[in-house]
Every structure is written in C-alpha cells, then in structure tokens.
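**Q** Take a look at this one; I'll ask things after.
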C-alpha cells in the first residue's frame, strides 16, 4: 500500500495542500471566528491519517519531535507567517526582504544581509499566506490580488509588512522589525546611540516642552529615537499620535502612556469613498486637547497643520523626517509645504519653522549597522530668506556627534527653568 502523503521534502507541501482543501470545505465565514480551532483539528486529523497510512505500508510513523516540528510549520502557514515565522520570533532579526518565495534575505543586528532558505513552496502559497494574514490582522483593505496589488499592515509584534504582486515580476515582501519597542534614553546610551551627557540634555529638552524634529536617512533609527524621547513625557499627559502605519506603539505601552489616542490614515474604498489622509488627522488631533502631538513621519501636506500646531501652543510635540542633515531637515519641510495644496511659499514656511521648531536631532547609521546621533541643532528664528540656527553638536571624525556650539540665551533660560544647566556640557569631550 502506498502512503497518501509521500515522505521527504514534498511531505509538508502535500500535508498543507490537504489541510487547505479541507479548510475550504469547512466554509468558515469571513470573520475567521473559530479558525484557530478548526485549523488545529484539521492538522491533527491529517497527521493522524498520514501515520496510519505509513503503518499500513509497514513504515514507521514520524517521531514525536519531527511531528511537532511539522505541526508547527503547518500551523504557521495557516495562522502565522509560515516560513517567515522563525525570523519574526528571532529577536536579533532587523529586516526581512522577500523577492519571491525562494529568494529571501534576512538582516541580523549589526550584520550584512544573508540569504536564507525558501519560506514557502511557491509564490502562490506565499500569496495565500499574505491574504490570510491580512484578513486576520484587521487591515483596512483585506484584498491582495492583481486588482489590489499591494498590502501594507502591521504584524502582531509591531513589525511593518509591505508586499506587492502583479506590478513586480514575483511576489515581494519587506518586513521592518522594531527590536527595541520600549527603549529609554538611558537604554540608548547603553547601546552607544547617544552619550551619557545627551541623556540629561534630551530629558531637559522634553521637559522644557521643545518641539523636536528627528531627522535621518532610511533605517537609521529615527523611530527608536522618537520613541525614547516620548518616554520622557509625563504619564498623565495626553498624547495624540498620527502614523501611517503604526510604528511608535505608544498606545500599546499603557503603563508608560495611559492616555494615548493613536490615529492612522484610511484609504478610500473600492468606490473611492471614505478616505482620510494625514493632513486631516493632524488637524483633528489639535482639537482633541493634546499635551503632545506626535507625527510618526512627515512626508507631505500634513507638514502645514503640524507647523501650525507647533506655532499655536501645542508645545512639546514631535515628528520625524527623511533628511541628510539637520539643516536639510527644514529644507525638506519647506519643500513639502510648497507641494501641499496650499502651496506655501518658502518665506512663509521658513517663518513657521523659525517660530515653531525648536530642536532638530540628526541620526545616522555606520557601515557595520551601528546607529547613533550625528548632530543637534537649535532653531533660533527665521526671516523671509533663511532659518537661523545654532549647531550644538556636529558630526565628528567618525560621524559621532561632537559638541561644538552653545544654545541661545532664550533656550538656556528654558532649560534652567526645568533644572538643567547647559554649562554642564563639556565642549572639549566628544559625545
């Protein structure tokens, strides 16, 4: 007698196909209610039948260890991320890039990307896995097919997943991990991201209710830096976050931040109705009595209501932006304001920046993957032609921030009011 489930590399694929067939026959409704129990039952049934077939063919059944591994692999393929799940569970993994089911690269902390084994038996299985994940995650748009060829959602651990199909030759997936969801400024000092001096300085800047822009390139640790600054907010303060998608995760840390409203844009439905953009949400946030408005990343027209919030009394707010230097940060802001529907001229934007932004923090990343602050700039004021500023820290010989300047008298007074003496910074010692 021949086993219905051939042993070897294809064994798992045959078992998965059989579970999938039976799952379709169960006709579970779109809510996925009870899906976990049904999947577990079907996997148990199929594995038992496989063992009976093997015994009938006078072959030994699977060992307990192999069966448990196979059961977990099958369960992950229907309820988790399949072959990606082990990398999601690995705390040292930072990024995962998939260029088709059998071309997968993983970046570990402080190391270059390495290619790893296939994470699915085919692109079709990968698509099925992503569709199931979208349905279970509560994503606003649950489709992932040629008619809706992209998927953007947050995984249960807070990681960000973006996938494409049809517009790319194969199914592509990019996953950005957040290895440190609850780091404090002291933790960043332990990691070497900031100096010990900066721990007190940043704490004082937050206490003085400075409006802060965290600037840097892709994957330089802007979100981690912003999250650490937000941990300096008082627990009783009301925080409104606007992100696309959720990455800061302040609303999930209810012990540190019990009073958080997390807002996320909504795309239009298939009829083109119901969309809500970042600009609208920033305007709404300013009407919700916030102590702090935090925009996860500014990259468009939302910069105008954010600058208005900075200038109209919502002090102590914060955002991040893609820029190559502290000075480049406000040029990016001005460019976004110019491209917005209001088309603000540069002179108006410069004055909004000069009146609203207090501090720009620049973060960078070395070739070996180490992330660190490279510069800190105080915005003093502005006129129609330029933003005037003081460069407090600038990149040193190894790009680490080196103290080179001093704060304005106005900022010194603000820092003194919260019990911090800027003269405690040692201008002779690298940060």
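The values are calculated or read from the model by the stated rules, or taken from the named source; none is laboratory data. Computed from a predicted model, the values in this text were never measured in an experiment. We place every Cβ from the backbone using ideal geometry, glycine too, and count neighbours over all the protein chains shown.
**Q** In this structure, does residue 285 turn out to be within 21 Å of residue 162 (Cα to Cα), touching a strand residue (DSSP E or B) at 6+ places or on another chain (Cβ under 6 Å), assigned by TED's automatic domain parsing to the domain that holds residue 297 and without any contact (Cβ under 8 Å) to a residue 60 or more places away in the chain?
**A** Judged against the criteria, residue 285 is not a match.
**Q** Shifting gears a bit: Which condition does residue 379 not pass, out of (1) modelled with pLDDT under 95; (2) over 26 Å from residue 191 (Cα atoms), if it passes all the others?
**A** (1)
**Q** Take residue 406 and decide whether it is closer than 28 Å to residue 233 by Cα, more than 24 Å from the chain's Cα centre (by Cα) and in a loop (DSSP other than H, G, I, E, B).
**A** yes
**Q** What single numbered condition from (1) modelled with pLDDT of 80 or more; (2) in the same structural domain as residue 173 (by TED's automatic domain parsing); (3) out of contact with any helix residue (DSSP H, G or I) (no Cβ under 8 Å at 6 or more places or on another chain) fails to hold for residue 93?
**A** (3)
**Q** Within the group 111, 125, which residue is more than 19 Å from residue 75 (Cβ to Cβ) and out of contact with any strand residue (DSSP E or B) (no Cβ under 8 Å at 6 or more places or on another chain)?
**A** 111
**Q** Checking the condition crowded, with 16+ Cβ neighbours inside 10 Å, touching a strand residue (DSSP E or B) at 6+ places or on another chain (Cβ under 9 Å), farther than 25 Å from residue 42 by Cα and free of Cβ contacts under 8 Å to residues at least 24 places away in the same chain, which residue from 104, 93, 98 passes?
**A** Selected residue: 104, the only one of 104, 93, 98 that is crowded, with 16+ Cβ neighbours inside 10 Å, touching a strand residue (DSSP E or B) at 6+ places or on another chain (Cβ under 9 Å), farther than 25 Å from residue 42 by Cα and free of Cβ contacts under 8 Å to residues at least 24 places away in the same chain.
**Q** Residue check, residue 281 against (1) crowded, with 16+ Cβ neighbours inside 10 Å; (2) in a loop (DSSP other than H, G, I, E, B), all met but one. Which one?
**A** (2)
**Q** If you check residue 232 against the conditions, is it in contact with a helix residue (DSSP H, G or I) (Cβ under 8 Å, 6 or more places away or on another chain), surrounded by fewer than 24 Cβ atoms within 10 Å (Cβ to Cβ) and over 21 Å from residue 257 (Cα atoms)?
**A** Spelling it out, it is not the case that residue 232 is in contact with a helix residue (DSSP H, G or I) (Cβ under 8 Å, 6 or more places away or on another chain), surrounded by fewer than 24 Cβ atoms within 10 Å (Cβ to Cβ) and over 21 Å from residue 257 (Cα atoms).
**Q** Can you tell me which residue in segment 321-357 is surrounded by the fewest Cβ atoms within 10 Å (Cβ to Cβ), limited to those that are over 27 Å from the mean Cα position of the chain (by Cα) and part of a loop (DSSP other than H, G, I, E, B)?
**A** 341
**Q** Answer yes if at least one residue in segment 264-277 is assigned by TED's automatic domain parsing to the domain that holds residue 232, more than 30 Å from residue 146 (Cβ to Cβ) and not in a loop (DSSP other than H, G, I, E, B), and no otherwise.
**A** no
**Q** In addition: Looking for something surrounded by 19 or more Cβ atoms within 10 Å (Cβ to Cβ) and without any contact (Cβ under 8 Å) to a residue 40 or more places away in the chain - is there at least one such residue anywhere in segment 140-151?
**A** Yes, segment 140-151 contains a residue that is surrounded by 19 or more Cβ atoms within 10 Å (Cβ to Cβ) and without any contact (Cβ under 8 Å) to a residue 40 or more places away in the chain.
**Q** Every residue in segment 245-256 that is without any contact (Cβ under 8 Å) to a residue 40 or more places away in the chain and either in contact with a strand residue (DSSP E or B) (Cβ under 6 Å, 6 or more places away or on another chain) or on the phi > 0 side of the Ramachandran plot (or both), please.
**A** Selection gives 251 alone.
**Q** While we're looking at this one, here's another question. Would segment 167-175 turn up any residue that is closer than 17 Å to residue 244 by Cα, buried (at least 19 other Cβ atoms within 10 Å of the Cβ), out of contact with any helix residue (DSSP H, G or I) (no Cβ under 6 Å at 6 or more places or on another chain) and modelled with pLDDT under 90?
**A** no
**Q** Identify the single condition in (1) over 20 Å from residue 358 (Cα atoms); (2) modelled with pLDDT of 95 or more; (3) buried (at least 21 other Cβ atoms within 10 Å of the Cβ) that residue 164 does not satisfy, given that it satisfies every other one.
**A** The single condition residue 164 does not satisfy is (3).
**Q** Is it the case that segment 105-127 has a residue that's outside the structural domain of residue 165 (by TED's automatic domain parsing), part of a loop (DSSP other than H, G, I, E, B) and over 28 Å from residue 220 (Cα atoms)?
**A** Within segment 105-127 (the criterion being outside the structural domain of residue 165 (by TED's automatic domain parsing), part of a loop (DSSP other than H, G, I, E, B) and over 28 Å from residue 220 (Cα atoms)), the answer is no, since none of the residues qualifies.
**Q** Let me ask another. Residue check: is residue 227 assigned by TED's automatic domain parsing to the domain that holds residue 332 and buried (at least 24 other Cβ atoms within 10 Å of the Cβ)?
**A** yes
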